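**Student:** Once you've had a glance at the structure underneath, I'll fire off some questions.
The values are calculated or read from the model by the stated rules, or taken from the named source; none is laboratory data. Model, not experiment: these values are computed from the prediction. Note that each Cβ is placed from the backbone with ideal geometry, even for glycine, and that neighbours are counted across all protein chains shown. Each accessible area value is taken on the protein alone, full model and side chains, heavy atoms only, with ligands, DNA and RNA left out. Shrake-Rupley method; radii C 1.70, N 1.55, O 1.52, S 1.80 Å.
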Number of protein chains: 2
Amino acid sequence: MAKSTLLKSYEQLNKQEKYYSEASTALIDEIFESSIMTLRKFDRIPLTSKVPKKTYFAYKRGKKLSRPINQDLFEDSAQAWENLRRLMTLNRTENNITAGEISKTIYSIAISFCAAIDLLKDGDQKTPGTYFERLMAYFFAWRVGVEPKTQIQVSDIDDERIKLKTDFIFDLGPHKRKFHMPVKISTRERGIMFWADQRLLDGVYGMERYMGTAILLTETKLDVRKREVVEICVPGRWRLYQLYVSKLKRIYYLDLPVAYAKLWQEFPPLAVKSFGEFFTEWDELTPI
Amino acid sequence: MAKSTLLKSYEQLNKQEKYYSEASTALIDEIFESSIMTLRKFDRIPLTSKVPKKTYFAYKRGKKLSRPINQDLFEDSAQAWENLRRLMTLNRTENNITAGEISKTIYSIAISFCAAIDLLKDGDQKTPGTYFERLMAYFFAWRVGVEPKTQIQVSDIDDERIKLKTDFIFDLGPHKRKFHMPVKISTRERGIMFWADQRLLDGVYGMERYMGTAILLTETKLDVRKREVVEICVPGRWRLYQLYVSKLKRIYYLDLPVAYAKLWQEFPPLAVKSFGEFFTEWDELTPI
C-alpha cells in the first residue's frame, strides 16, 4: 500500500514537464509523507560512525539495511518542510530561515525517499538517483526563477552539431547568470566529470560563463557486515582538478563531508558548502 | 589443477619487480598455456554479433558464459606467441611480423586469461584487469626499453607535494620521448579519466611533454540472456574531450571498435588504432 502510493507519486513527478510548479510541490509533499510512513514501520538501528562528529543510523527490514542517515540532519516529520514551502511561496526564505535549516529539511526529504526505496526494492540505484536530480532541480529552479535545460550545444564541427548531455543548465537570460548544475547522489570515482564538462563549456562559451555549481547528497559508504559508516573523499585529486582542469564555482552537499569542508580555506580555493547556502548566496555568485 | 597453476603463475607475475624480464616472459608463457588448457575443457558457443564484420563466440561452463571472444583475432595455441617472443628477443619485430599479427597474438594472450577467469571465478573483474595492465606494461616496456613508474609528482602547493597515481609513465630520459600510458580492459563511462589526467600532465610539464597513449582491450558488451554482442562507444563525447580537454596522441585497442576506427580521418583527429601499430610507430610519435 505505502509502496504503491510512493512509487505512483514518484512516477507522476517524473512526468511533470516543469521542474518547479504547484503540481511538483504537491507530489514532493506526497512522496515525503509516504517515505516517512514507510520508514516508520521499520526499526532504526545505530551504526558505528567513523566520521568525526557525525552520528549515523539505518532502517532495517529483515536482513536489509537502508543507506546511512545522518541523525543530526534528519527529521522524520513534514513540519519543517511545511514551513519551508510556505516561505518559498511568499519568497521569504532570505530572512526567515537559516541555510542550516534549509539544508536539514531538504536532506530529510531526499534521504527518506532513498532509504525507503532501499528497503522496498532490491539494489535499485536508479530510482533514488532520478528522484534526487528532480528534487534538486525543483529547488534550484524555484530559487533562480527559470526552468533548466538538460543539454547544450557545444560544437559545430563542419556541418555537424554536437550536443553535450548534462544534468542541468540554468540560463537566466542574456547578460545574466548562467549555471551548469550537475547532480549526483555521490561522486565515487566520477567527480572528474564535473570538471571535464565545465572545461567543455568554458572552451565553447568562455571561462565560467556557465558557473559550475554541482549538487550532491553525501559521500557516506556503509560496510554492511561491520555496520560501519565512512566518508569516501579524494580532496587531493579534487584540488588537482580545480588547479589544472577547470574551476568549479561551488560544490554543494546536503550532508557535507568533513574532508571537503576545509578546501575553501586552502589553495586552490574550492568552495564545498551545504546546499542551504545557495539560497542566500546564489545572487552574489560571479564568474572568476 | 589448471586453476591453481593459472592463478599461481598470475600471482608470481604480480610479484615481479620488473615489468619486462625473462622471468616475466616465462610466467606469461605459463599463464597463456594454462588459460588455453582451461578453455579447451569447455564448449565454444556462437554469439549473435551486432558488430559489423566481427564474429564473436564464448566459452560455456554450466550456466556461466565467458566474455565474448573475437573469432578472427583469437588463436588458441601458443605458436604465434612463440614466434613473437623469438622476434622480440632478437629485436626483429619491425620487418618480420606485421602489426596485425602482433595485435592478434597479444589479443589471444589477454582474452584467453580473462575468459578463463570468467569461468573459474564468480564476477571477478579485478584479476583480469590487473593481469591486462601488467601484460600491456610488459610489451610497452620491452618496446621502449625502460621500466615504467606508476605515479608522478604533479604539484608543489606551498609545502605540500601532490602525486598523481596513474597507470604507467614511461620516461625514456632527458629530451627523449615520455609516454603517459593508462590501461583499461574497456572504458565504459570512464574514458574521460584519460583526457583529464593528460590535462594535468600538460598543465604541469607542458603540452604533450608526456604523450598520452592509452591501451584498451575491447568495448564489447554481452547481453547474456539474448547472447548478443554489441560495442559500447561514445565517439561524439571523445571528440569533444579531444577538442576541449586535452589531446591524446593515440588510443590503442587489441579489438579495435568499429565506431572509433574512423575518428582518425575526421576533425578533431583522434588516432584510435590496433595496439600492434605501436610496435612500428612508437619511435616516430612526436608531441603536437
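**Student:** Report, ordered by the first and then the second residue, all pairs with beta carbons closer than 6 Å, sequence separation of six or more or different chains, a first member in the range A:30-51 that is among the hydroxyl-bearing types (Ser, Thr, Tyr), and a second member that is in a helix (DSSP H, G or I).
**Tutor:** Every condition considered, the pairs that remain are A:34/A:2; A:34/A:5; A:34/A:6; A:35/A:112; A:35/A:113; A:35/A:116; A:38/A:2; A:38/A:116.
**Student:** Considering only the range A:168-189, state which residues are open to solvent by 30 Å² or more (accessible area, probe 1.4 Å) and away from every other protein chain (no Cβ under 14 Å).
**Tutor:** A:171, A:172, A:174, A:175, A:176, A:177, A:185
**Student:** Same structure, new question: Out of (1) surrounded by fewer than 19 Cβ atoms within 10 Å (Cβ to Cβ); (2) within 9 Å of chain A (Cβ to nearest Cβ); (3) of a type outside the set (Phe, Trp, Tyr); (4) in contact with a strand residue (DSSP E or B) (Cβ under 6 Å, 6 or more places away or on another chain), the odd one out for residue B:200 is which?
**Tutor:** The single condition residue B:200 does not satisfy is (1).
**Student:** Oh, and also: I'm told residue B:116 meets every condition in (1) within 14 Å of another protein chain (Cβ to nearest Cβ); (2) closer than 18 Å to residue B:29 by Cβ except one. Can you identify the failing condition by its number?
**Tutor:** Exception for residue B:116: condition (1).
**Student:** Now, a different point. May I ask you to list the residues in the range B:130-142 that are open to solvent by less than 20 Å² (accessible area, probe 1.4 Å) and closer than 22 Å to residue B:283 by Cα? First the steps, then the outcome.
**Tutor:** Taking the range B:130-142 first, the residues open to solvent by less than 20 Å² (accessible area, probe 1.4 Å) are B:131-132, B:135-141.
The answer is B:135, B:136, B:137, B:138, B:139, B:140, B:141.
**Student:** Within the range A:189-198, identify whether any single residue is of a type in the set (Asp, Glu) and closer than 21 Å to residue A:118 by Cβ, and answer yes or no.
**Tutor:** Checking the range A:189-198: not a single residue is of a type in the set (Asp, Glu) and closer than 21 Å to residue A:118 by Cβ.
**Student:** If you go through the range B:143-166 one residue at a time, how many are under 29 Å from residue B:88 (Cα atoms), open to solvent by 60 Å² or more (accessible area, probe 1.4 Å) and within 14 Å of another protein chain (Cβ to nearest Cβ)?
**Tutor:** Counting residues in the range B:143-166 that are under 29 Å from residue B:88 (Cα atoms), open to solvent by 60 Å² or more (accessible area, probe 1.4 Å) and within 14 Å of another protein chain (Cβ to nearest Cβ) gives 1.
**Student:** Going by the conditions given, is residue B:219 under 22 Å from the mean Cα position of the chain (by Cα), within 30 Å of residue B:46 (Cα to Cα) and modelled with pLDDT of 95 or more?
**Tutor:** yes
**Student:** Go through the range B:198-214 and report how many residues are of a type in the set (Gly, Ala, Ser) and under 13 Å from residue B:154 (Cα atoms).
**Tutor:** Residues meeting the conditions: 2.
**Student:** For the range A:8-123, list the helices (runs of 4 or more DSSP H) that sit wholly inside it and hold at least 3 residues that are touching a strand residue (DSSP E or B) at 6+ places or on another chain (Cβ under 9 Å), modelled with pLDDT under 95 and open to solvent by 60 Å² or more (accessible area, probe 1.4 Å); which are they? Talk me through it step by step, then tell me what you get.
**Tutor:** On the way: elements: A:22-40, A:79-90, A:93-96, A:99-120.
Fully inside the range A:8-123 and qualifying: nothing.
**Student:** Looking only at residues that are touching a residue at least 60 places away in the same chain (Cβ under 8 Å) and not charged (D, E, K, R) in the range A:217-234, which one is nearest to the other protein chains (Cβ to nearest Cβ)?
**Tutor:** Ranking the candidates gives A:224 first.
**Student:** Note down all Cβ pairs under 7 Å where the first residue falls in the range A:235-263 and is closer than 16 Å to residue A:192 by Cβ and away from chain B (no Cβ under 14 Å), the second is of a type outside the set (S, T, N, Q) and open to solvent by 10 Å² or more (accessible area, probe 1.4 Å), and they're at least six residues apart or on different chains.
**Tutor:** Correct list of pairs: A:260/A:233; A:260/A:235.
**Student:** Moving to a separate point now. Go through the range A:211-270 and report how many residues are within 22 Å of residue A:74 (Cβ to Cβ) and among the polar types (S, T, N, Q).
**Tutor:** Count: 2.
**Student:** Based on what the data block shows, is residue B:135 under 18 Å from the mean Cα position of the chain (by Cα) and either without any contact (Cβ under 8 Å) to a residue 40 or more places away in the chain or assigned to a loop (DSSP other than H, G, I, E, B) (or both)?
**Tutor:** No; evaluated as a whole, the condition is false for this residue.
**Student:** Just for the range B:203-216: of the residues that are in contact (Cβ under 8 Å) with a residue 60 or more places away in the chain and surrounded by fewer than 21 Cβ atoms within 10 Å (Cβ to Cβ), which one is farthest from residue B:276 (Cα to Cα)? Walk me through it before giving the result.
**Tutor:** Taking the range B:203-216 first, the residues in contact (Cβ under 8 Å) with a residue 60 or more places away in the chain are B:207-209, B:211, B:213, B:215.
Among the residues that remain, those that are also surrounded by fewer than 21 Cβ atoms within 10 Å (Cβ to Cβ) are: B:207-209.
Numbers: B:207: 26, B:208: 22, B:209: 23 Å.
By that ranking, first place goes to B:207.
**Student:** State all residues of the range B:207-242 that are of a type in the set (A, V, I, L, M, F, W, C) and farther than 22 Å from residue B:166 by Cα; if no residue qualifies, say none.
**Tutor:** Applying the first criterion (of a type in the set (A, V, I, L, M, F, W, C)) to the range B:207-242 yields B:207, B:211, B:214-217, B:222, B:224, B:229-230, B:232-234, B:238, B:240.
B:222, B:224, B:229, B:230, B:232, B:233, B:234, B:240 - these are the residues of the range B:207-242 that are of a type in the set (A, V, I, L, M, F, W, C) and farther than 22 Å from residue B:166 by Cα.
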